[in-house]
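Down below is the structure, laid out as structure tokens.
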Amino acid sequence: MVVAVFTGMDWKNLLKKTWHFIWVEDSVASWIVNVILAFILIKFLVYPGLGLILGTTHPVVAVVSGSMEHDGSFDDWWVSQQNFYNGFGVTEGQFQGFDFRNGFNTGDIMILTGTSLDKVKIGQVIVYMGSRPDPIIHRVVKIFQQGGQTYLQTKGDHNTAQNPDERMISGQQIIGKAAFRVPWLGWIKIAFVDLIKLVIP
């Protein structure tokens, strides 16, 4: 049986070649390896680390639907929505004091921080798990008690009404609260997911 023995010099040369291949070489293979390495680093190091710092399992989410978009100016949008919000006791003046009062768009990235049911307030934008496999990001419109438990209701700013699974949200469903918006960066994730769906139907 032949056993290969690597000396310190062999390891040094191997590391130099690997470094050159990843960071210097301009080839398709090097590009593919870089994409894979970036994915691994983000998925298993950066994302969990950020989640630990921000106190949530989902520190960064991409907005993949238009349910929080506002059409036109705030005044135009409010005219189309005021009956709903007035029904929940939310006035135009109150809404203008809410975070993300102008909503946000498909393709935006939202940075989340951890939160708990007792800290959530009317008007905040939260991310939670509903009946679908993907998290939902909508605005809190009601906090209520039922059977000795506290629940939330939400609505997408662009939607004309609530979806059935956002009328009784428990604390266990909450993933985090939207804290910061990065416009358009989420299109990278959306494009990547769409590409994967084309390759693996």
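Quick notes on this one:
- Scanning region 72-98 for residues being over 22 Å from the mean Cα position of the chain (by Cα), outside any helix (DSSP H, G or I) and touching a residue at least 12 places away in the same chain (Cβ under 8 Å) gives a total of 3.
- Members of region 119-131 found to be under 23 Å from GLY51 (Cβ atoms) and either touching a helix residue (DSSP H, G or I) at 6+ places or on another chain (Cβ under 8 Å) or among the hydroxyl-bearing types (Ser, Thr, Tyr) (or both), listed by number: TYR128, MET129, GLY130
- First in region 44-56 and outside any helix (DSSP H, G or I), second anywhere and loosely packed, with under 12 Cβ neighbours inside 10 Å and at pLDDT 80 or above, Cβ under 8 Å, 6 or more apart: none
- When residues of region 133-152 are limited to those that are without any contact (Cβ under 8 Å) to a residue 24 or more places away in the chain and not β-branched (Val, Ile, Thr), the one nearest to PRO48 (Cα to Cα): PRO133
- Checklist (1) of a type outside the set (Gly, Ala, Ser); (2) part of a loop (DSSP other than H, G, I, E, B); (3) more than 29 Å from GLN145 (Cβ to Cβ); (4) touching a helix residue (DSSP H, G or I) at 6+ places or on another chain (Cβ under 8 Å) applied to ARG101, failing item: (3)
- When restricted to residues that are in a strand (DSSP E or B), hydroxyl-bearing (Ser, Thr, Tyr) and under 19 Å from the mean Cα position of the chain (by Cα), region 116-153 contains 1.
The values are calculated or read from the model by the stated rules, or taken from the named source; none is laboratory data. Note that the structure is a prediction, hence the values are computed from the model and not measured. Cβ: placed from backbone, ideal geometry, glycine included. Neighbour counts: every protein chain shown.
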